[in-house]
Amino acid sequence: MIKSIIFTDLDGTLLDENYSFRMAEGALVLIENRRIPLVICSSKTRAEIELYRRRLNNKHPFIAENGGGVFVPRGYFPVDADLSGFTLIADAGYQVIRLGTGYAELRRAMQELRHEGFEVKGFGDMSVEEVSQLTGLSPDEATASKERDFDEPFLFQGNRVQLPFLYQAIRKKGLRFTEGRLLHVLGESDKGKAVALLSALYQAKYGEIITIGIGDSPNDIPMLKSVDYPIIVKHPDGTFDSRIHLGWVIKADGVGPEGWNKAVIEIMSCLGTV
Ligand SMILES: [Mg+2]
């Protein structure tokens, strides 16, 4: 049977508003039994994703900070993959591929934006308590969320009318922005480029593969465009994100992990009979 690979967002997708994946447990057991790799693809940092990999008992590669970094456990692919042409970061446990702009540059951009009159406040400007209050993360998780390398989440506290000007100012610096739960500034990296890179490595390992991507917000669009089966789940208010426009997308019948559970079980039963 052709190998399926699932790429998933965390916040609002596999995790609900309380950062719980309990509602998706049925599908998680199913894909574990079928040995289907589950690749986390999130705006969260390496340290945060490692917490969830432990909770999920997940040993697969992962994509951090909106595609800024790809982490492949050493020995995961039969021979360490040929990654010539990519920027690799020295690390004992993983092959780390850097696709994103360094954090120092993003922090400089935040300061410049403030000087230009935009009321922006990044995670780097906030204490652990502030991040915890803003996101509902525990103090430990908030600490992990501040250990950033490639992407800066930020609050915009000015008038929304200024937003197009803010985005223009970010673009002028050669940077980009995206939206998940919060606004983010980042470099040329995105979730799609990271998914394409890992898909090529899986293809080299397994031959033909089928890729599935699950998300909920605009920062997932590049990932959803890079997979064979794009799936979106509902927001807590019961609607799908109106900012996601794709040629075709599977709309899961449920909010966050509940939709995730239903869609994965359904697609597995379809693919299982192919
Ligand atoms: Mg999300």
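Since every read-out is calculated from the coordinates, none of them should be taken as a lab result. Computed from a predicted model, the values in this text were never measured in an experiment. Here the Cβ positions follow ideal geometry from the backbone for every residue, glycine too, while neighbour counts run over all protein chains shown.
Numbers for the structure displayed
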quantity: Entries in Lys146/Lys225; Lys146/Lys193; Lys146/Lys234; Lys193/Lys225 that, when Cα-Cα distance is taken, lie over 21 Å; calculated: Lys146/Lys225; Lys146/Lys193; Lys146/Lys234
quantity: Contour minus Cα-Cα distance for Asp253 and Arg98 (0.36 nm per residue); calculated: 52.3 nm
quantity: Convex hull projection area averaged over all views, segment 103-186, Cα basis, nm²; calculated: 5.1 nm²
quantity: Residue-span extension gain [Gln157 to Arg55] - 0.36 nm each, minus C-alpha spacing; calculated: 33.3 nm
quantity: Length gained when the stretch Leu30-Asp237 is fully extended (0.36 nm per residue, less Cα-Cα span); calculated: 71.7 nm
quantity: Student exercise, segment 103-216 dipole from Lys, Arg, Asp, Glu Cβ charges, in Debye to nearest 20; calculated: 420 debye
quantity: Shape parameters for segment 84-124, alpha-carbon atoms, Rg then Dmax in Å; calculated: 14.8, 42
quantity: Sum of side-chain charges, Val249 neighbourhood, beta-carbon under 11 Å (Lys, Arg +1; Asp, Glu -1); calculated: 0
quantity: Charge tally in the Cβ shell below 15 Å around Thr45, where Lys, Arg are +1 and Asp, Glu are -1, Thr45 excluded; calculated: -2
quantity: Rounded FRET efficiency, nearest 0.05, which uses the C-beta distance separating Ala90 from Ala200 and R0 of 22 Å; calculated: 0.45
quantity: Expected 222 nm ellipticity per residue - DSSP helices of 4 or more, -39500 (n - 2.57), all of the chain, to 500; calculated: -10500 deg cm²/dmol
quantity: Radius ratio Rg over Rh of the chain, counting only Cα atoms, Kirkwood formula for Rh; calculated: 0.96
quantity: Radius 14 Å from Cβ of Glu116, net charge of other residues (Lys, Arg +1; Asp, Glu -1); calculated: +3
quantity: DSSP bridge pairs, the chain: antiparallel proportion in percent, nearest 5; calculated: 55 percent
quantity: Charge dipole (the chain, unit charges on Cβ, about Cα centre) - positive-most of Leu246, Val128, Leu163; calculated: Leu246
